[in-house]
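Report on one structure; see the data block that follows.
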Amino acid sequence: MSSPTNFPNPNRGRGWLTKAGFALGLAAIVAGAGWYSKEKGLFTPKSDPVLTATVTRGDLVINVTERGELESSQSLQVNCEIEGGGKLVTILPEGTKVTKGLEVARFDIDALSKAINLQEVKCEQAVGKIKTAEGELEVQKNKADSEIAKADLAWTLAKIDNESYLEGEYGVELDKRKGALNNAEKDLKEAQDSLEFSRSLVKKGLAQPQQLRALELRVDATTLIVSQQSADITVLTKYTKKRKTTELEAKAKEAEQELVRTKKSQDAATEKVAGELAAAKKTAELEKQELARLQAQLDKCIVKAPGDGIVIYFNERYWDPNSRVRAGGTLHFQQPIFTLPDLNQMKVKLKVHESVVKKVSPGLAATMQVEAMSKQVLHGKVLTVASVAQNDEWRGGGVKEYVTEVSIADLPPEAGLRPGMTAEVKILVKTVPSALTVPVQAVTESDGKQISYVVTAEGVERRIVEVGENNERLIQVKNGLSEGDQVALDARVRAAAELKQGEKQGPSIKADEKDAAPKIALAAAPK
C-alpha cells in the first residue's frame, strides 16, 4: 500500500507534470551520470543501468498540503473602544502573561480630558437654564391667573351693565318721561280750560280780547311740550332702548370672547414656557449623557485583560505602520488590539489555492506537523472553508486563496505551542482503492498523449497509457500497464530524445509508427 502523500500546491507549481518534470530532471541527471560513468569507464553497474520502478497496486491517497499558522480556537479578543480612535501610549510586550483585570495598554487621554472639562461646563449651563425656565414658568402661571381673572371680571361687569339697564335704568327713564308727559298734559288741560273760560268771559264782555292771546300762546306752548314728551317716550322705547341693549349685549359678548382669548393666549404662553423648561431638562439630560459617555471613554483608555492568558498583538491586515499595534500607534475605533488565546485549544488557519479549494470541504480528516514539534503528527479535521476568496493582489500577484481552518484533536497538554507558529497541514481529500500506480517520473506527455516506457527483457517498450488521480509521488494508471511491469523513471528524457530524433529524420515517420510502441535495445538513458 502506498503511503499518503500530498496533492501538489498550486503556489509551488502548475500541476503534477511540473513536479514530475522536476523529478524526471533529477532522475535524468542520475541516469545520465550513470551512463556517462559507464562510457568513461568510471562506473560499471552490477545490474540494469535503467532506473526503473515496479507497477504496484494499492490505495492511492490524495492530499491537499498547505502551510498555515496556529491560532487559538478559544480566545478573548480586545478591541479599541475609543470612538474616533486613539493613540497608544503604553502596551505590554507581546507574549506577556497576564491575569484578569491587569492593565495591558493605555491610550492618550489629553483630548478626552479637555472634552470632559468642556462638557462639565455645558452641564452646569444646562442646569442653570432649568432653574431659569422653572422661574419663568412660575411667573407665567401667576400672570395667566391674573389676566384671566381680569377678563372674567370684565365679562361679568358687562353682563351686569346689560341687566342693570334693562331692569333698572330703562324703567326709571321711562317712568320719568311718562311723568313729564303727564305733567305736560295736565298743564295743557289747564291752559285749554283757562282759554275756554276766558273766551266765555270775553263773549260776556267781562274780559278783554287781548287776554285771550296770552292764553292761546300758553296752550300752544303746552301742546308743544306734550308733543315733545310723547316723542321722547317713543324714542326711548323704540330706539334708545334697542341701541343701548345692543351695545351692552355686544360689550358683554366681546368681554366673553376676550375671556376665551385670554385663557387661550395665557395657556399658550404657559405651555411655551413649560416647553422651554422641558427642553432645558432634556438638554441637561443629553449633556449629562454626553459627559457620562466621555467619562466612559476615558475609562476605556485604560485597557485591562478580560481574562488570564498571554498577550498576542493583533496586527493582521494592518500594513500601515501608523495603525499597527505598538506604543505610539494610532488605532481605529473597533480595531483589534490583542487577544488572550487559550493555548490548550488550538487550530490551524491556512489558505487553500482556488484551483484545489473545491476538493476541500468541512469534515475532511487532516494531519499536521508543527515545526516546533516536528517529530509528532497531530490529527484534526477541516472546520470551515471560506466562501469568498482573500485576494491580496498587491503582494500575491492576483492569486486567490480561501481561508480554511483545521482543528487539532489530539493536542498534548502543556504542549507549549504559541499562536503564529508554522504548521504543515495535509488534508485527506480522497483515497482511490486498489489503484495501479507508478511514480510520476514514469509518465510524460507526448503529442497530447500520456506515455510510459516499460522495461522488458528485449528492451524498452513505449506505451500509451490512460492516467487517473495523482499525488506528488504517484499517479494512477487505468490502462496500458499491468501490475508487476517495470517502468523507466526517465520517461520525459526518453520522450524528448525520441522527439529530437524524429525531427532529424523528418516527417517520413508516420504517426502510427510512432505510436506502435517500438522495442529498443536495453540501454541506459540517452544523452
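The values are calculated or read from the model by the stated rules, or taken from the named source; none is laboratory data. Remember, it's a predicted structure, so these values are computed and weren't measured experimentally. Neighbour counts run over all protein chains shown; Cβ positions are idealised from the backbone, glycine included.
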If you go through region 49-73, how many residues are under 51 Å from the mean Cα position of the chain (by Cα) and of a type in the set (Val, Ile, Thr)?
4
Checklist (1) buried (at least 16 other Cβ atoms within 10 Å of the Cβ); (2) farther than 25 Å from Leu157 by Cβ; (3) modelled with pLDDT of 90 or more; (4) not small (Gly, Ala, Ser) applied to Lys251, failing item
(2)
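Which one of these is within 25 Å of Ser265 (Cβ to Cβ) and among the basic types (Lys, Arg): Lys203, Lys150? Please lay out each step first, then the result.
Values: Lys203 fails: within 25 Å of Ser265 (Cβ to Cβ).
Result of the check over Lys203, Lys150: Lys150.
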Could you grab me the full set of residues in region 462-482 that are within 15 Å of Thr52 (Cβ to Cβ) and surrounded by fewer than 17 Cβ atoms within 10 Å (Cβ to Cβ)?
Ser482
The one condition in (1) surrounded by 18 or more Cβ atoms within 10 Å (Cβ to Cβ); (2) of a type outside the set (Gly, Ala, Ser); (3) over 30 Å from Ala144 (Cβ atoms) that Gln266 fails to fulfil:
(3)
I'm trying to understand the selection: among the residues of region 149-189, which are of a type in the set (S, T, N, Q) and either farther than 18 Å from Thr240 by Cα or free of Cβ contacts under 8 Å to residues at least 12 places away in the same chain (or both)?
Thr156, Ser164, Asn182, Asn183
Does Ser227 satisfy the criteria of being part of a helix (DSSP H, G or I), farther than 22 Å from Glu169 by Cβ and either at pLDDT 85 or above or not assigned by TED's automatic domain parsing to the domain that holds Glu169 (or both)?
yes
How do the pairs read when you match residues in region 449-473 that are over 17 Å from Thr431 (Cβ atoms) with residues anywhere that are of a type in the set (Asp, Glu), using Cβ under 6 Å and keeping only pairs 6 or more apart or on different chains?
Val454/Glu461; Val454/Asp485
With the condition kept exactly as written, say whether any residue in region 324-336 is within 22 Å of the chain's Cα centre (by Cα), in a helix (DSSP H, G or I) and either charged (D, E, K, R) or closer than 16 Å to Asp108 by Cβ (or both).
no
Matching residues, region 298-322, being at pLDDT 90 or above, touching a strand residue (DSSP E or B) at 6+ places or on another chain (Cβ under 9 Å) and either among the polar types (S, T, N, Q) or assigned to a helix (DSSP H, G or I) (or both):
Lys300
